[in-house]
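Right, one structure below, let's go through it.
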Amino acid sequence: FNVKEIETKPFDGQKPGTSGLRKRVKVFQQTHYTENFIQSIFDSIKAEGSTIVIGGDGRYFSPETVQTILKIGSANGVEKFIVGKDSILSTPAASNIIRKYKATGGILLTASHNPGGPDADFGIKYNVSNGGPAPENITDQIYEKTKTIKSYKVIEDAPVDLSKVGDFTYGPSKVQIIDSVEDYVILLEEIFDFPLIKSFLDAHADDFPILFDGLHGVTGPYARALLIERFGLPETAIQNCVPSPNFGGGHPDPNLTYAHTLVETIEEKNIPFGAASDGDGDRNMVYGKQAFVTPSDSVAIIAHWADTIPYFKKGGVKGLARSMPTSKAIDLVAEKKGLECFEVPTGWKFFGNLMDAGRLSICGEESFGTGSDHIREKDGIWAVIAWLNIIAAVNKDSPNKLIGINDLLKEFYSIYGRSFFSRYDYEEVSSEGANALVDNINEALKTGSLKDTVHTSASTGTQFTVSDIYNFEYTDPIDHSVSKNQGQVITFSDGSRVVFRLSGTGSQGATVRMYVERYVGPEAGPEKLMEPAAVGLKSLIEVALDISKLKEYLGVDEPTVIT
Ligand code: VG1
Ligand code: CO
């Protein structure tokens, strides 16, 4: 096979963000654009003799891109490709495949929860041999290569048929097309108590029906294999579970705004337990009739009940962690259990080193990301099955009263208190406005002008005194790499805090995120503790908007999404 060298010129802006390179499909479709980025990946790793996993959420432009990877990868000396059938592997499943088959790394074709289709988003992300997203030193290297690239290498062979499982070749390289679901189901079976879950669901077919909504993303086949085939649930237990290249025209993000198909069916049919996942399967939302679990609470509750899950009962819980903007609920669990607890920047890549070093077992992000060291990505289906495992175990000890989501929340708050938490997203605002907002807070940080100032909520009269402002910076305890400017934090004397961050996953304009958190101790009593988050946070949100002059800088009145 001839290796051809194709001339090219660098494109601006091929810098991987929080989770890979995400742009409009039209941008990736420009001549040489995708090729440049893929060659830059192979230039940044040891491609010769490597094994590369290829998967993704099956979105529009994925099949073409798999062929592009085969062409360029083969020319760069890749020995073997392991590819999910129809180019599909959920992000957690891909992480598992990389680890299980000891691959060099993986290329994931996904823009996660961003809409798909010819006019929407595409994305490419590189994962390393531990199964996790490439750390910053590698993504920086990829970006440097994209800035100077002059040519890329290809081998021209007939495209591989991605719809057939089996062993094939592309040029001199081996290509193995694998079932997308099988290995993942085996993995979860080793982690959870499947017989316990099944017997609980069997016994409560009438009073505890469940519903999983795949939002037309990649998790559909995984949910079917587990819920229908393993647990024997009826077809009504899943919906929107056939992956579609444009996610059925929807926005595959599991939150109260975008997962409205789940929310509507749950409320209409009085379903006590529901869940949804995002396009690539790493996010999750747990939602039941009149019951919503914030992701920050979800991970803390899983940590609290970890002993009910065989994987943790056997291996123990080594440590806990959260991303910086995530509420501190999990810190309270760590404290009570005498475990180490880490606060890392936003993005799953920061958890990997801690897991590899044996210091971290369970972690999460407020952005509907929950997971453990069974792989190196967050894992939506894992979180849903974890909840089912916990509910099944708790109910085994409560034969006379059915314990549901709200009972678990109530009990958790009565032990630890509650960290009321909410995030306001201002999507696709002007970059100038967003930068001015950030500059203004930095100015206050520098001059100390906000320190000790008192702010009063106009509607409730509650007062907040600023105790500190800082820019979050993280030093990785394992490799000592430093990540600066990871978000601006304003803390108040009552322990509340507000965080401002610019998103690193958007594909157009800027997205500003404002995170608010206020802790209420268990002594407040169940009525206060079970208040809707919007009520518990009203005063703080007013004050945060006021201090930051956010509406002025961004020129918008309301956020696009509230979670
Ligand atoms: C967002 C979330 C972050 C998450 C990232 C990738 O990043 O805030 O917590 O890790 O998406 O998730 P940002 O930079 O836009 O805030 V996924 O499911 O899109 O891979
Ligand atoms: Co995702």
Checklist entry - Among the numbered criteria (1) in contact (Cβ under 8 Å) with a residue 60 or more places away in the chain; (2) within 30 Å of Asp356 (Cβ to Cβ), which single criterion is violated by Leu554? => result (2)
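Residues that are of a type in the set (Phe, Trp, Tyr): list the strands (runs of 3 or more DSSP E) wholly contained in the range 362-452 that include at least 3 such residues. Working first, answer last.
Details: elements: 362-365, 369-372, 418-429.
So the answer is 418-429.
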Next on the checklist: Quick check on the range 390-408: of everything there that is touching a residue at least 60 places away in the same chain (Cβ under 8 Å) and among the polar types (S, T, N, Q), which residue is surrounded by the most Cβ atoms within 10 Å (Cβ to Cβ)?
Outcome noted: Asn395
Item to check | Subset of the range 430-474 [over 30 Å from Cys341 (Cα atoms), touching a Ser or Thr at 6+ places or on another chain (Cβ under 7 Å) and surrounded by 19 or more Cβ atoms within 10 Å (Cβ to Cβ)] | outcome: Leu437
Next on the checklist: I need the full set of residues from the range 79-122 which are away from ligand 2 (no atom under 15 Å from the Cβ) and of a type in the set (Ser, Thr, Tyr), in order please.
Outcome noted: Ser87, Tyr101, Thr104
Checklist entry - Can you find a residue in the range 321-337 that is under 30 Å from Ile266 (Cα atoms), over 16 Å from the mean Cα position of the chain (by Cα), free of Cβ contacts under 8 Å to residues at least 60 places away in the same chain and surrounded by 21 or more Cβ atoms within 10 Å (Cβ to Cβ)? => result yes
Checklist outcome for this item: Flagged in the range 67-77 as crowded, with 24+ Cβ neighbours inside 10 Å and closer than 25 Å to Pro115 by Cβ, in numbering order, are Ile69
Item to check | Residue that is nearest to ligand 2 (Cβ to nearest atom), among those in the range 503-518 that are part of a strand (DSSP E or B) and either of a type in the set (Lys, Arg) or surrounded by fewer than 19 Cβ atoms within 10 Å (Cβ to Cβ) (or both) | outcome: Arg513
Item to check | Where Gly248 falls short, out of the listed (1) modelled with pLDDT of 95 or more; (2) surrounded by fewer than 21 Cβ atoms within 10 Å (Cβ to Cβ) | outcome: (1)
Item to check | Conditions (1) of a type in the set (Lys, Arg); (2) within 16 Å of ligand 2 (Cβ to nearest atom); (3) more than 15 Å from Ile45 (Cβ to Cβ); number of the one not met by Lys125 | outcome: (3)
Checklist entry - When only residues in the range 500-530 that are at pLDDT 90 or above and of a type in the set (Asp, Glu) count, which is farthest from Pro345 (Cα to Cα)? => result Glu523
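Do we have Asp157 as over 21 Å from Val25 (Cβ atoms), more than 16 Å from ligand 1 (Cβ to nearest atom) and not β-branched (Val, Ile, Thr) here? Before you say what the answer is, go through the steps one by one.
Working: over 21 Å from Val25 (Cβ atoms): yes; more than 16 Å from ligand 1 (Cβ to nearest atom): yes; not β-branched (Val, Ile, Thr): yes.
For Asp157, the condition - over 21 Å from Val25 (Cβ atoms), more than 16 Å from ligand 1 (Cβ to nearest atom) and not β-branched (Val, Ile, Thr) - is met.
Just one of Phe350, Phe368 is within 23 Å of Gly131 (Cβ to Cβ), within 16 Å of ligand 1 (Cβ to nearest atom), buried (at least 24 other Cβ atoms within 10 Å of the Cβ) and at pLDDT below 95; which is it?
The unique qualifying residue is Phe350.
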Checklist entry - For the range 475-489, does any single residue satisfy the condition of being buried (at least 19 other Cβ atoms within 10 Å of the Cβ), under 24 Å from Ser419 (Cβ atoms) and over 27 Å from the mean Cα position of the chain (by Cα)? => result no
Item to check | Filter result (crowded, with 16+ Cβ neighbours inside 10 Å and under 12 Å from Lys145 (Cβ atoms)) within the range 12-46 | outcome: Gln14, Pro16, Asn36, Phe37, Ile38, Gln39, Ser40, Ile41, Phe42, Asp43, Ser44, Ile45
Next on the checklist: Contact list please: Cβ distance under 7 Å, first residue in the range 237-259 and over 15 Å from Gly380 (Cβ atoms) and of a type in the set (Gly, Ala, Ser), second residue assigned to a strand (DSSP E or B) and modelled with pLDDT of 90 or more, pairs at least six apart or on different chains.
Outcome noted: Ala237/Ile210; Ala237/Leu211; Ala237/Phe212
Checklist outcome for this item: Note on the range 263-310: residues over 19 Å from Asp373 (Cα atoms), of a type in the set (S, T, N, Q) and within 16 Å of ligand 1 (Cβ to nearest atom) are Ser277, Thr294
Item to check | Filter result for Leu256 (under 17 Å from the mean Cα position of the chain (by Cα), part of a loop (DSSP other than H, G, I, E, B) and more than 16 Å from ligand 2 (Cβ to nearest atom)) | outcome: yes
Checklist outcome for this item: Looking across the range 79-97 at residues that are more than 16 Å from ligand 1 (Cβ to nearest atom) and under 16 Å from Ser50 (Cβ atoms), the single one that is surrounded by the fewest Cβ atoms within 10 Å (Cβ to Cβ) is Glu79
Checklist entry - Among (1) under 22 Å from Gly73 (Cβ atoms); (2) out of contact with any Lys or Arg (no Cβ under 8 Å at 6 or more places or on another chain), where does Phe208 come up short? => result (1)
Checklist entry - Quick one: which helices (runs of 4 or more DSSP H) sit completely within the range 1-78 and have at least 3 residues that are within 16 Å of ligand 1 (Cβ to nearest atom)? => result none
Next on the checklist: Quick test for you: out of Arg513, Arg497, Arg501, pick the one residue that is in contact with a Ser or Thr (Cβ under 8 Å, 6 or more places away or on another chain), closer than 21 Å to Tyr426 by Cα and free of Cβ contacts under 8 Å to residues at least 60 places away in the same chain.
Outcome noted: Arg497
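Conditions (1) farther than 30 Å from Ile124 by Cα; (2) assigned to a loop (DSSP other than H, G, I, E, B); (3) touching a helix residue (DSSP H, G or I) at 6+ places or on another chain (Cβ under 9 Å), marked per residue:
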residue	(1), (2), (3)
Glu268	yes, no, no
Ala276	no, no, yes
Asn284	no, no, yes
Ser298	no, no, yes
Ile301	yes, no, yes
Phe312	yes, no, yes
Ala321	no, no, yes
Val333	yes, no, yes
Cys341	yes, no, yes
Next on the checklist: Quick check on the range 224-245: of everything there that is touching a Gly at 6+ places or on another chain (Cβ under 6 Å) and among the hydrophobic types (A, V, I, L, M, F, W, C), which residue is surrounded by the most Cβ atoms within 10 Å (Cβ to Cβ)?
Outcome noted: Cys241
Checklist outcome for this item: Scanning the range 539-553 for residues that are surrounded by 16 or more Cβ atoms within 10 Å (Cβ to Cβ) and farther than 16 Å from Val499 by Cα gives Tyr553
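The values are calculated or read from the model by the stated rules, or taken from the named source; none is laboratory data. Keep in mind it's a predicted model, so treat the numbers as computed, not measured. Reconstructed Cβ throughout: ideal geometry from the backbone, glycine too, with neighbour counts over all protein chains shown.
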